[in-house]
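To start, the structure itself, in structure tokens.
The values are calculated or read from the model by the stated rules, or taken from the named source; none is laboratory data. All values derive from a computational prediction rather than experimental measurement. For neighbour counting, all protein chains shown are included, and Cβ atoms are generated from backbone atoms with ideal geometry for every residue, glycine included.
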Amino acid sequence: MKTRYVNFAGQSLSIEYSPDFSELIEFLYGDTNADPSDSPDATLSVREEDGELTLHCGDKQLYRGNENSALATTLIRETIHQLIDRNADGMALHAAALSRNSRGILIPGQSGSGKTSLSTWLAARGFNYLTDEYVFIRHNANTMQAFARPPNVKVRGIEAALEHFFDMDKHEDQTIQGKHVAMIPFRLLNPENIQENPTVDLILFPRFIKNSDLKLEKLTKAKSGLALMESLVNARNLNGHGFDEAARLARDTPGYRLEYGGFDQLQEEFDNILP
């Protein structure tokens, strides 16, 4: 068995896997920190048993089956859970993040809000993709730490966001594709992509409504802070459930609510939104 360490937001875990899974592990974790000196808080195990793919955390079986995409999705989800679940050192936000010219864009949102499609569209237009899933911001800081997983894009999101930028069929052997979701290495979207930890210079709350008009609303600091709380996943670990930290970030950073009905609208307007 081989071991891959994953470090994020001051937490650590190890993944034990047979050599047959080396390509999958590199695909998923190639851009994450790997420091073996940190004692892991948990250990995941990926192996093949009786001709099936399996994933365990200790004695608990998390996946058993034959779908590579399902194994990859479950493995990443459990990795993030283990790295964030007990974290009390700052805000863990369900959010995408990008940067340009060393300035950071935080895109909080629940599943279905369109943050992944928006972040992949921006990456294909030259922004640095940092994550589409989780961002960590330490207490009293405005610097983002992003969990750098490959974008996990719904098939309909790929068709809408990337139809002019990315050919899925051409890159089939470089992606992991399921029935409804595909994982795309972000350097296929932007070969010049840089992983960095920028400050948060803009908070954007997206909402995709098919065929709707483009609407951009500058939020008050109070509305922005409350909207951030909706994406805070470790609130139970924080003093005051993290409200003071969310309010602080909202005070320091302009926040906007973006409603759009298609990426053709953003093609013309998005540069005017950014600072």
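Identify all residues within segment 1-29 that are closer than 17 Å to residue 69 by Cα and within 20 Å of the chain's Cα centre (by Cα); write none if there are none.
24, 25, 26, 27, 28, 29
Going by the conditions given, is residue 194 among the β-branched types (Val, Ile, Thr), within 26 Å of residue 87 (Cβ to Cβ) and surrounded by fewer than 16 Cβ atoms within 10 Å (Cβ to Cβ)?
Answer is yes for this residue.
Right, residue 80: touching a Lys or Arg at 6+ places or on another chain (Cβ under 6 Å) and either surrounded by 15 or more Cβ atoms within 10 Å (Cβ to Cβ) or assigned to a strand (DSSP E or B) (or both) or not? Walk me through it before giving the result.
Details: touching a Lys or Arg at 6+ places or on another chain (Cβ under 6 Å): no; either surrounded by 15 or more Cβ atoms within 10 Å (Cβ to Cβ) or assigned to a strand (DSSP E or B) (or both): yes.
Against the criterion (touching a Lys or Arg at 6+ places or on another chain (Cβ under 6 Å) and either surrounded by 15 or more Cβ atoms within 10 Å (Cβ to Cβ) or assigned to a strand (DSSP E or B) (or both)), residue 80 does not qualify.
Among the residues of segment 163-177, which ones are closer than 22 Å to residue 29 by Cα, in a loop (DSSP other than H, G, I, E, B) and either among the basic types (Lys, Arg) or modelled with pLDDT of 80 or more (or both)?
175
Condition check ((1) within 14 Å of residue 80 (Cβ to Cβ); (2) of a type in the set (Ser, Thr, Tyr); (3) at pLDDT below 95) across all residues:
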| position | (1), (2), (3) |
| --- | --- |
| 3 | no, yes, no |
| 16 | no, no, no |
| 21 | no, no, no |
| 36 | no, no, yes |
| 40 | no, no, yes |
| 45 | no, yes, no |
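Name the single residue, out of those in segment 204-249 being touching a Phe, Trp or Tyr at 6+ places or on another chain (Cβ under 7 Å) and assigned to a helix (DSSP H, G or I), that is nearest to residue 267 (Cα to Cα).
Ranking the qualifying residues of segment 204-249, first place goes to 227.
Could you list, in sequence order, all residues of segment 90-136 that are hydroxyl-bearing (Ser, Thr, Tyr), under 23 Å from residue 226 (Cα atoms) and not in a helix (DSSP H, G or I)?
Scanning segment 90-136 gives 111, 113, 131, 134.
Against the definition (over 13 Å from residue 147 (Cβ atoms), more than 22 Å from the chain's Cα centre (by Cα) and not in a strand (DSSP E or B)), how does residue 35 come out, yes or no?
Details: over 13 Å from residue 147 (Cβ atoms): yes; more than 22 Å from the chain's Cα centre (by Cα): no; not in a strand (DSSP E or B): yes.
The answer is no for residue 35.
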